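Okay, so here's the structure we're looking at.
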Amino acid sequence: MKNKVIKFTKNGDYILEWGKLGKGPGEFDNPSGVAVGPKGDVFVTDSGNYRVQWFDNTGKYISQWGSFGSGKGQFNWPQGIAVNSLGDIFVADTYNKRVQKFTKQTLSIFKPAFQLVQPKKK
């Protein structure tokens, strides 16, 4: 069951699944977070590939963003993900110790709007 997304009804009945181990579109290496947008799109944090993948509600791949690093739009083990009612996407970037917010500019391009960085302890 690892490295795939499984969709169920609200009653727990199986609907469909997608994904397998890999680095290509629709493939995963330790997916850890899933969020559903206001229009039903599915966003998955693909932790081992340092990216977020975007799918429609049937599992069809739409796009992805991110790479390894600490710059804007880069990740070091993205895990948690949430989408608000406006479609803004918040990604918990574990080892960079921050949350990045992405705002939908077009149907296929996301740009970092801001990032929250945890203050250094003295």
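Derivation of every value follows stated rules applied to the coordinates shown; laboratory data play no part. Computed from a prediction, not measured in an experiment: that's the story for all the values here. Here the Cβ positions follow ideal geometry from the backbone for every residue, glycine too, while neighbour counts run over all protein chains shown.
Quick look at the values:
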quantity: Gain on full stretching of the segment that runs from Phe8 to Thr94 - 0.36 nm per residue minus C-alpha separation; calculated: 28.2 nm
quantity: Residues Glu17, Glu27, sorted so that the one with the fewest Cβ neighbours within 10 Å comes first; calculated: Glu17, Glu27
quantity: Column: log10 I(q)/I(0), Debye, Cα scatterers of segment 5-117, q = 0.19 Å⁻¹; calculated: -0.95
quantity: Estimated FRET transfer efficiency (Ser70, Lys101; beta-carbon r; R0 22 Å; 0.05); calculated: 0.85
quantity: Amide H within-cut-off set for Arg51, under 5 Å, with H built and near neighbours excluded; calculated: Asp46
quantity: Within segment 5-117, percent of DSSP bridges classed antiparallel, to nearest 5; calculated: 95
